[in-house]
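These notes concern the structure reproduced below.
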Amino acid sequence: MKDLNGKVAAITGAGSGIGRTLANALARRGVHLALSDVDDVGLAETVVQCEGRGVKVTSKHLDVADREAVEAWATEVVAEHGTVNLVFNNAGVALGASIEGMSYEDFEWLMGIDFWGVVYGTKAFLPHLKASGDGHIVNISSVFGLFSVPSQSAYNSAKFAVRGFTDALRMELEIEGAPVSCTTIHPGGIRTNIARSARMHESASAFGDGGSSDDMAAEFDKLLRTTPDKAARQILKAVERNRRRALIGPDAKALDLISRLPAAVYQNAIVRGARARRDG
């Protein structure tokens, strides 16, 4: 997809962060937008930012963990815009907890959004993307879809799953010769609010991660290297170049290299670091 002008893009989690900056970047390129989020206030702000650029902007309150709602939204998008060419499965949440301390309910909450939301968005829109004759799916994983860390087992599970799901989809589309492609995105530390809205369990403190979303955000802030605007530009470049995967930010590239080391090497380093933070 070399020319985005005049295309139609659907974006989940468009009320803030990467979703909002993607919406603005696409609007500047003449892309019509179908935006969704559970945050009605944030979503309305994104709509205001994108309007007035000569593109059509529609919005929808949407819980991506609700399969029927996602399927209905996909149908609505095509009815309102006539077609859809791009889908950004971006909505995501975070959870800090040990495996033992984490409740099944919290695990299911995260997987419902971070993994099943991607599955629902992909399957709901895929027939419409094929019908458009020129489609692309962008699924947001994470650097935590490249390697695991303590207290993030649920997030790791979802993001590894997104990576495997999208890799398989890419190959199936190529075998089929479909007019649709897909890209997995692995952002590093992006300046968004995901850590501040995370659910935190006290069991995370055993790994030096603090016991609240504010503690998690403070630790996460130390790792931030990339603005959402820069992340959006890199993501769109990956779409235009039809990349299989895109590592967003210099820290993502560094962590990708670390993940290629023998498991004992990087895991032992993480264990030592976690113990030092906990005991310090």
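Do you know which residues across the range 164-181 are touching a residue at least 60 places away in the same chain (Cβ under 8 Å) and of a type outside the set (Lys, Arg)?
Scanning the range 164-181 gives Asp167, Ser181.
Which strands (runs of 3 or more DSSP E) sit wholly inside the range 1-119 and have at least 1 residues that are surrounded by 16 or more Cβ atoms within 10 Å (Cβ to Cβ), at pLDDT below 95 and not hydroxyl-bearing (Ser, Thr, Tyr)?
Passing ranges: none, list empty.
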What pairs come out if I take residues in the range 247-274 that are over 23 Å from Gly96 (Cβ atoms) and pair them with residues that are assigned to a helix (DSSP H, G or I) whose C-beta lies under 7 Å away, six or more apart or interchain? Leu247/Lys253; Leu247/Asp256
Over the range 64-87, the set of residues touching a helix residue (DSSP H, G or I) at 6+ places or on another chain (Cβ under 6 Å) and under 15 Å from Ile113 (Cβ atoms) is Val64, Ala65, Arg67, Val70
Output the number of residues of the range 145-168 satisfying the condition of being assigned to a helix (DSSP H, G or I) and buried (at least 21 other Cβ atoms within 10 Å of the Cβ). 7
Tally of residues being buried (at least 22 other Cβ atoms within 10 Å of the Cβ) and assigned to a loop (DSSP other than H, G, I, E, B) across the range 231-254: 1
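The values are calculated or read from the model by the stated rules, or taken from the named source; none is laboratory data. No experiment lies behind these values; they were computed from the predicted model shown. Using ideal geometry, Cβ is built from the backbone for each residue, glycine included, and neighbour counts are taken over all protein chains shown.
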